[in-house]
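Novice: This structure is in structure tokens; I'll ask about it shortly.
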Amino acid sequence: MTDTQILTLATDTAHDALVLFSGGQDSATCLAWALERYERVETVGFDYGQRHAVEMAARLRVRDGMAKVLPQFANRLGPDHVIDLTGFGSIGETAMTTDRAIQVGARGLPNTFVPGRNLVFLTCAAALADRRGLAVLVGGMCETDFSGYPDCRRDTISAMERALTLGLDKPSPIETPLMYLTKAQTWDLAHGIGGDALVELIVEESHTCYRGDRTHRHDWGYGCGTCPACDLRAAGWREWLKTR
């Protein structure tokens with residue numbers, strides 16, 4: 001049996017999942033997606049000293065709201081966990097963790113890129129999932145509408161699946177339901193799961209803006225409206241509205 005077959009079998013027979021949950025649009029949609037599919041769902045957040053630390057508060061509001069807008073799945077939502085990775089966040093000293101202008105660096109990557117962030121997140125999440133007896137990791141990584149981070153690509157995630165499977169000596173599937181979706185399609189996915197109520201929750205309570213702006217309210221939610229994260233979210237919202 002190949003690695004792919006093993007991981008597929010593990011996913012097909014799993015009844016529980018751990019969602020990497022930042023409190024942003026993507027992870028909120030992934031949480032709803034997981035609640036629709038798994039009998040037990042827990043969440044994990046990471047405090048890595050991010051500049052937009054307001055997401056740590058936003059994630060709790062989204063979690064609480066999720067049980068209200070998806071009452072049919074409320075009993076599936078289990079505990080939340082937060083892992084302190086502030087030491088790791090200080091290594092990169094990027095625009096995501098320090099007060100500096102957001103711009104594209106010499107490698108062609110935005111300086112909001114935190115090197116190895118998703119690799120560390122997935123490793124820590126896998127260790128937690130193993131202890132909690134959760135079979136599947138769910139993450140909001142996407143290589144369609146994204147900021148160009150190399151650790152968001154499916155090739156990277158597949159390599160992590162392989163490494164975790166070897167390192168933990170058991171199938172370690174990582175589900176990425178948004179991997180090939182545009183931001184417009186991500187809005188549509190949320191609407192398909194929870195209708196207008198879920199979309200409104202994501203608009204009102206989730207946080208995406210790199211600058212941590214919760215003072216400017218747009219039709220797509222709160223944010224500065226000029227950083228790359230806001231640009232992607234706003235463009236996806238406008239494109240989705242055209243299809244409704």
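The values are calculated or read from the model by the stated rules, or taken from the named source; none is laboratory data. Quantities reported herein were computed from a predicted structural model and do not represent experimental measurements. Methodologically, a virtual Cβ is constructed for each residue, glycine included, from the backbone with ideal geometry; neighbour enumeration extends over all protein chains shown.
Novice: Any residue that is modelled with pLDDT under 95, farther than 24 Å from Phe46 by Cβ, part of a helix (DSSP H, G or I) and of a type in the set (Ser, Thr, Tyr) - is there at least one of those in the stretch 222-244?
Specialist: Yes: one or more hits.
Novice: I'm told Thr144 meets every condition in (1) among the polar types (S, T, N, Q); (2) in contact with a helix residue (DSSP H, G or I) (Cβ under 6 Å, 6 or more places away or on another chain); (3) modelled with pLDDT under 95 except one. Can you identify the failing condition by its number?
Specialist: Failed condition: (2).
Novice: For residues that are buried (at least 19 other Cβ atoms within 10 Å of the Cβ) and touching a residue at least 60 places away in the same chain (Cβ under 8 Å), scanning just the stretch 60-77, find the one that is farthest from Leu128 (Cα to Cα).
Specialist: This residue is Val69.
Novice: All but one of (1) under 30 Å from Arg131 (Cα atoms); (2) charged (D, E, K, R); (3) buried (at least 18 other Cβ atoms within 10 Å of the Cβ) hold for Lys183; state the number of the condition that does not hold.
Specialist: (1)
Novice: Let me ask something additional. Going residue by residue through the stretch 84-94, is there one that turns out to be among the polar types (S, T, N, Q), modelled with pLDDT under 80 and either in a helix (DSSP H, G or I) or over 21 Å from the mean Cα position of the chain (by Cα) (or both)?
Specialist: Yes, the stretch 84-94 contains a residue that is among the polar types (S, T, N, Q), modelled with pLDDT under 80 and either in a helix (DSSP H, G or I) or over 21 Å from the mean Cα position of the chain (by Cα) (or both).
Novice: Something else about it: Across the stretch 147-164, which residue is farthest from the chain's Cα centre (by Cα) among those that are in contact (Cβ under 8 Å) with a residue 40 or more places away in the chain and surrounded by 19 or more Cβ atoms within 10 Å (Cβ to Cβ)?
Specialist: Among those residues, the one meeting the criterion is Leu164.
Novice: Could you please let me know if Thr98 is over 30 Å from Tyr38 (Cβ atoms), surrounded by 14 or more Cβ atoms within 10 Å (Cβ to Cβ) and at pLDDT below 90? Talk me through it step by step, then tell me what you get.
Specialist: Working: over 30 Å from Tyr38 (Cβ atoms): yes; surrounded by 14 or more Cβ atoms within 10 Å (Cβ to Cβ): no; at pLDDT below 90: yes.
The answer is no for Thr98.
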